[in-house]
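Where a number appears in this text, it was derived from the coordinates with a stated rule and is not lab data. For clarity, every value in this text was computed on a predicted model and none was experimentally measured. A quick note on method: Cβ atoms are made from the backbone with ideal geometry, for glycine too, and the neighbour counts reach across all protein chains shown.
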There are 2 protein chains.
Amino acid sequence: MVGPGPFAEITRMDEYRGQKILLTGGLGFIGSNLAIRLVELGAAVTIVDSLDPTCGGNRFNIETIKNEIELIEADVCDLPLMRKLVRGKSCVFNLAGRVSHIESMDDPFGDLRANTTGPLTVLEACKLENREARIVYAGTRQSYGKPDVLPLVETQLLKPVDVNGVNKMAGEWHHMVYRQAYGMPTVSLRMVNTYGPRQVIKHARHGFLGWFVKLAIEGEEIQLFGDGAQLRGFSYIDDVVDALLIAGTNPAVIGDYFNLGGLRPVTLTALVQMLIGITGKGSYRIVPFPPEKRAIDIGSVYTSWMKFHFATGWQPRVALEDGLARMVAYYQKYKAHYL
Amino acid sequence: MVGPGPFAEITRMDEYRGQKILLTGGLGFIGSNLAIRLVELGAAVTIVDSLDPTCGGNRFNIETIKNEIELIEADVCDLPLMRKLVRGKSCVFNLAGRVSHIESMDDPFGDLRANTTGPLTVLEACKLENREARIVYAGTRQSYGKPDVLPLVETQLLKPVDVNGVNKMAGEWHHMVYRQAYGMPTVSLRMVNTYGPRQVIKHARHGFLGWFVKLAIEGEEIQLFGDGAQLRGFSYIDDVVDALLIAGTNPAVIGDYFNLGGLRPVTLTALVQMLIGITGKGSYRIVPFPPEKRAIDIGSVYTSWMKFHFATGWQPRVALEDGLARMVAYYQKYKAHYL
């Protein structure tokens with residue numbers, strides 16, 4: 001633990017007790033961890049998830065709460081369904097989407113549907129049925145493209161370098177427009193290299209860290225592209241769940257967008273060495289960039305989360321060593337459900 | 001005429017002679033004026049237009065060139081068709097889209113399809129069939145939202161305040177991504193209150209100036225919302241066509257985005273007085289903002305076009321008085337085709 005954490009916010013989380021919460025993409029990495037915390041906090045959780053094979057949905061992610069939540073397997077682009085589901089909800093976590101940058105280049109229309117049409121459908125449903133519901137969107141650092149300065153701050157122009165970054169940017173700004181035009185309480189948190197239990201590890205397309213964890217656990221070789229000296233900040237899932245819960249209740253964040261981020265950035269080489277130290281297995285090798293990955297690579301990047309900190313008191317608490325150790329322990333136990 | 005105009009560029013326009021050009025949205029206001037110029041320059045023009053009733057397409061717009069062009073009535077979201085059409089073209093003007101801010105709020109999904117999926121389909125078709133074709137996108141000042149400073153410059157964050165502004169922003173950034181990832185020669189010009197012959201005048205949803213011209217010609221009362229003191233810059237269509245033609249050939253603009261804009265901005269009151277002076281008919285009255293328009297109004301706005309000027313030598317040439325006079329003369333003659 002580093003620092004006092006979101007001290008002022010712990011009491012606010014009591015606000016979730018007895019509340020009806022809708023969570024799109026709730027079988028995915030971030031959504032399922034959030035759902036588990038919401039159930040612990042006494043909320044009545046409804047999950048909508050399409051289990052789209054290109055997304056990260058996995059039924060095992062909610063194994064521990066499966067009898068305590070309502071699960072609806074459906075596409076969030078289904079407006080009549082979403083109109084029914086948003087009624088009576090105090091908060092909607094608008095998380096469903098695709099996260100792969102490479103896949104977005106291969107299937108730009110599928111990515112547009114998942115990351116722009118889907119979130120817009122949720123907004124439109126709330127506009128028509130429930131304008132009071134807090135709506136929390138999962139934006140992404142990827143929409144910035146290459147950082148002008150580090151740490152990356154919210155005043156930088158969004159200059160996305162892949163289709164996913166463009167479509168997520170549009171999804172975020174629809175939330176800003178619905179605030180401006182209809183007074184709806186929306187907020188976007190821009191996610192930054194989130195990692196932890198329930199992340200996809202069977203391929204590298206949902207973040208390379210999941211893939212590295214899988215390779216290290218299995219004693220395989222990890223390939224680092226470029227020179228391994230790229231700096232990255234990482235957000236542990238529990239910190240991200242804290243941030244989402246705060247964004248779901250704190251009045252100071254409405255109508256605005258905020259970077260998340262981690263503690264001090266590390267080089268990819270340092271990250272991998274740490275991971276190999278934890279698992280006691282695996283190795284790494286530095287290799288040249290494949291061309292299709294180089295085209296959308298953004299180099300070193302880590303973010304300032306000061307805007308969100310000053311608005312809410314949130315700060316990341318879990319050190320990378322601790323987070324990686326918890327993640328490795330999870331997959332050593334449950335690997336079979338993720339491969 | 002003001003200033004020397006795009007002197008250095010006139011010769012470049014000879015490059016269009018004998019070239020095969022694809023023009024989406026070519027029955028609309030800007031597209032049809034561009035098509036007429038391209039035919040004059042000796043280009044072989046193919047127009048794709050869906051004649052979507054919410055767009056500005058009008059067969060009469062190309063009356064004078066209808067036997068000299070190829071017209072395909074189709075939806076640009078038809079990828080197999082677009083793949084066929086982009087083959088062999090040296091330049092694609094990716095202009096098809098919706099322009100109404102108010103309609104985008106009523107039909108956000110239709111606007112998304114027209115302004116994001118459509119242009120993305122054209123890009124994808126070129127990626128698959130013809131990566132050499134110059135692709136010129138019609139962006140919009142609306143994607144900026146409210147100006148931080150005036151004149152509005154390209155370094156401002158895009159903070160759109162309506163769905164149309166978001167979807168056009170996404171359409172533009174797909175062009176930037178396809179440049180970055182695939183080396184395709186794309187460029188976006190951000191349009192600013194373009195006016196002139198062939199503009200929609202039968203309602204105010206495609207720009208208020210068309211509607212004002214119609215009211216003035218018919219001797220009716222023009223209503224100005226707010227106080228009439230809002231400043232606006234206006235781009236005459238011939239200047240915009242020059243800019244598009246330059247963007248279609250000049251190597252200095254590739255992979256970048258540029259504001260267009262007009263000569264000195266005027267208040268809406270001054271604009272309307274000028275218009276009434278030209279027609280010798282009509283009147284005006286200042287009225288309060290209707291709530292749905294106030295929600296997406298952006299106040300005074302005019303743009304710097306210095307970035308495009310320094311890249312290419314372009315500058316607006318047609319004074320507002322001259323442009324309005326030409327526009328009024330056009331509609332006095334052809335009004336019946338536009339009402």
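Remark on A:VAL48: its backbone amide H falls under 5 Å from those of A:LEU23, A:THR24, A:GLY25, A:GLY26, A:ILE72, a criterion applied only to residues 5 or more positions apart or on other chains, H modelled at 1.01 Å from N. Within the listed set A:LYS127, A:LYS168, A:LYS66, the Gaussian network model of chain A (springs between alpha-carbon atoms below 10 Å) gives the highest mean-square fluctuation for A:LYS66.
A simple rule links phi to the HN-Hα coupling: the Karplus curve 6.51 cos²θ - 1.76 cosθ + 1.60 with θ = phi - 60°, which for region A:206-222 gives 10, x, 6, 5, x, 5, 4, 4, 4, 5, 5, 4, 8, x, 9, 8, 9 Hz, with x for Gly and Pro.
Partner shielding of A:163-176 amounts to 5, given as the average count of beta-carbon atoms from other chains within 10 Å of each residue beta-carbon.
The phi torsions of region A:235-250, fed into the Karplus equation with coefficients 6.51, -1.76 and 1.60 and a -60° offset, translate into couplings of 10, 6, 3, 5, 5, 5, 4, 3, 4, 5, 5, 5, 4, x, 10, 5 Hz, rounded to whole numbers, with Gly and Pro shown as x. Each DSSP beta bridge with both residues in chain A is either parallel or antiparallel, and the antiparallel ones are about 5%. Sorting B:CYS77, A:CYS126 from the fewest to the most surrounding beta carbons within 10 angstrom yields B:CYS77, A:CYS126. Residue by residue, region A:91-102 carries 3J(HN,Hα) couplings of 8, 10, 9, 8, 9, 4, x, 9, 10, 7, 6, 5 Hz when phi is fed to the Karplus relation 6.51 cos²θ - 1.76 cosθ + 1.60 (θ = phi - 60°); x denotes Gly or Pro.
Which residue, A:ASN94, A:ASN33, A:ASN250, has the most motion in a Gaussian network model of chain A that connects Cα atoms within less than 10 Å? Greatest mean-square fluctuation among the candidates belongs to A:ASN250. Of the GluC sites (Glu not before Pro) in region A:156-264, the ones in a loop by DSSP (not H, G, I, E or B) with at most 15 other beta carbons within 10 Å are A:GLU218, A:GLU220.
In deg cm²/dmol and to the nearest 500, what is the mean residue ellipticity at 222 nm of chain B if only DSSP H runs of at least 4 residues count, each as -39500 (n - 2.57), divided by the residue total?
-10500 deg cm²/dmol
Computed over neighbours whose Cβ is under 14 Å from that of A:ARG285, the net charge equals -3, Lys and Arg +1, Asp and Glu -1. With 0.36 nm allotted per residue and the present C-alpha distance subtracted, the A:GLU292-A:GLU321 stretch has 7.3 nm of extension available.
If R₀ is 25 angstrom, what is the calculated FRET efficiency for the pair A:ARG131 and A:VAL153, using the beta carbon separation as r and rounding to 0.05? With R0 = 25 Å, the Cβ-Cβ based efficiency is 0.20. Of all chain B residues, the one whose Cβ lies closest to the rotation axis that maps B onto A, given with that distance rounded to whole Å, is B:ALA170, 2. Distant-in-sequence amide contacts of A:PHE225, defined by a placed amide H-H separation under 5 Å and a gap of 5 or more residues or a different chain, comprise A:VAL287.
When chain A is treated as a Gaussian network with alpha carbon springs shorter than 10 Å, the biggest mean-square fluctuation among A:GLY183, A:GLY210, A:GLY57 belongs to A:GLY183.
Close amide-amide hydrogen proximity is noted between A:TYR137 and A:ASN94, A:VAL187, A:SER188, A:LEU189, each under 5 Å apart and 5 or more residues distant or on a separate chain (H modeled in the peptide plane; Pro and chain starts excluded).
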